[in-house]
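Chemist: Shown below is the structure under consideration.
The values are calculated or read from the model by the stated rules, or taken from the named source; none is laboratory data. What you see is a predicted model; the values in this text were computed from it and never measured. Heads up, the Cβs are rebuilt from the backbone with ideal geometry, glycines too, and the neighbour counts pull from every protein chain shown. What goes into the accessible areas is simple: the full protein's heavy atoms, side chains included, and nothing from ligands, DNA or RNA. Shrake-Rupley method; radii C 1.70, N 1.55, O 1.52, S 1.80 Å.
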Amino acid sequence: MKIEKRLIPGIARTLVAMTLMIQASFGQKANSYLLPPEIKDPSSTTAYSSINRTGTGVPSMAVSLNGRLWAVWYSGITPGKIIELCPNAYVVVSTSSDNGKTWKEVLAIDPDGAGPVQAFDPQAWIDPDGKLWIFWSHTGEKSGVWAVSANDGDKEKPLWSAPKRLTDGIMMCKPIVLSTGEWILPASIRDIKNSARVVVSVDKGINWKERGAADVPKDFQACDEHMIVERKDGSLWMLVRTSYGIGESFSPDRGITWSSLTPSQIKHTTSRFFISRLKSGNLLLVKNGPMDMRTEGPRQRCYLMAFISKDDGKTWSKGLLLDGRAPVSYPDGQQTADGTIYIIWDYNRSKDQMIHMTSFTEDDIFAESDINMVKVFESRKVVSKGGPK
């Protein structure tokens, strides 16, 4: 395996050791499909320059304990291909120390350079101990969910762990931590029975094991992209992206068994949404369109809005409009200790190639005022712009 001279310090020797172990286990020279993905400095080659990108989208973000912002997304450089079909897609990791005013790309995660293996659907997460995690999936014979982590996520260039494969499938949403201390990671194996899997770690991410799964009938499957929240009674509520919008399933035993999937009362187009428990105990939901409206047609991914529920999802507030354009999609975010809610999303992946973020508070949603909406609009920042400037 070729280790680039500019590989981030601390990674090279570990990658070589992992390569040798893989080669030994297979009794032959390992090919590029079996090697761990390379973790590169984006400035090491023009291949990772933003001006060469033909698709940019599917973002996630996290905020370190001391306020450093981290954003991830994936990009491709194949002309005429939408990002989901780009054979040489790779994951970008960017960071900001000034609350999102300026950003610097510090990692490119790429399985094999020019393809055909794709790195895609990344997630950024800060665990309860403050460790920064970057998750992603990639195709090929070692497809599945991979991760790197860093204890010093307050630094622009932290010391990253070696890439590690965690489980089968695709992870499109953040892990959550249960009241028991267990970590739950949602990972989907599409087009099979019981596709919306629940993978659990009881040792802070060292090991992961499947605990259970909800069945998404094939007639309704649409990538799953399931998210889980622990309700106040200790049960788990899973929301799943489906062909009809959002399906829901419940588990009374921390994810071992799940009820049959049924349509949620939350109306939505067929796209990813974001739900999270806030420090107040309320739930935050970010989705396209009003709560009782399924947006359809050419502008189905429009009107990105934020809602609050005080009663575990039985009722929801009026929405705060974050972005009224189309197409806007794939929201993700985090609330920080001071109560600020950060949300990231993409706009027009194959043309404008924009990643945006904004910030607000619960009070901004409850205020239901034009002034608050204008404030949120004015706080919107550009995280990334792909393609020629």
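Chemist: Would you pick out the residues in the range 50-63 that are open to solvent by less than 10 Å² (accessible area, probe 1.4 Å) and among the hydroxyl-bearing types (Ser, Thr, Tyr)?
Modeler: Thr56, Ser60
Chemist: Condition first: under 20 Å from the mean Cα position of the chain (by Cα) and either buried (at least 18 other Cβ atoms within 10 Å of the Cβ) or among the β-branched types (Val, Ile, Thr) (or both). Now tell me which residues in the range 215-228 satisfy that.
Modeler: If the condition is that a residue be under 20 Å from the mean Cα position of the chain (by Cα) and either buried (at least 18 other Cβ atoms within 10 Å of the Cβ) or among the β-branched types (Val, Ile, Thr) (or both), then Gln221, Cys223, Asp224, Glu225, His226, Met227, Ile228 are the ones that fit.
Chemist: Then there is this: Starting from the range 44-58, take each residue that is among the hydrophobic types (A, V, I, L, M, F, W, C) and list its partners that are open to solvent by 40 Å² or more (accessible area, probe 1.4 Å) and not in a strand (DSSP E or B), counting only C-beta distances under 8 angstrom and pairs at least six apart or across chains.
Modeler: So the pair list comes out as Ala47/Ile77; Ile51/Pro388; Ile51/Lys389.
Chemist: Consider Val376 carefully, then state whether it is open to solvent by less than 10 Å² (accessible area, probe 1.4 Å) and over 24 Å from Arg53 (Cβ atoms).
Modeler: yes
Chemist: Of the conditions (1) surrounded by 15 or more Cβ atoms within 10 Å (Cβ to Cβ); (2) within 22 Å of the chain's Cα centre (by Cα), Gly339 satisfies every one except a single condition; which number is it?
Modeler: (1)
Chemist: Kindly check whether there is at least one residue in the range 151-166 that is in a strand (DSSP E or B), within 24 Å of Ser251 (Cβ to Cβ) and either out of contact with any Gly (no Cβ under 8 Å at 6 or more places or on another chain) or not acidic (Asp, Glu) (or both).
Modeler: Yes, that holds for at least one residue.
Chemist: I would also like to ask the following. Assess whether Ser260 counts as being among the hydroxyl-bearing types (Ser, Thr, Tyr), in contact (Cβ under 8 Å) with a residue 40 or more places away in the chain and part of a loop (DSSP other than H, G, I, E, B).
Modeler: yes
Chemist: Scan Ser309, Ser369, Ser350, Ser317 and give me the residue that is open to solvent by 10 Å² or more (accessible area, probe 1.4 Å), of a type outside the set (A, V, I, L, M, F, W, C), over 30 Å from Leu85 (Cα atoms) and touching a strand residue (DSSP E or B) at 6+ places or on another chain (Cβ under 6 Å).
Modeler: Only one candidate passes the filter, namely Ser317.
Chemist: When the residues of the range 172-184 are filtered to those that are more than 22 Å from Trp345 (Cβ to Cβ) and touching a strand residue (DSSP E or B) at 6+ places or on another chain (Cβ under 6 Å), which remaining residue is most open to solvent (accessible area, probe 1.4 Å)?
Modeler: The extreme case among them is Val177.
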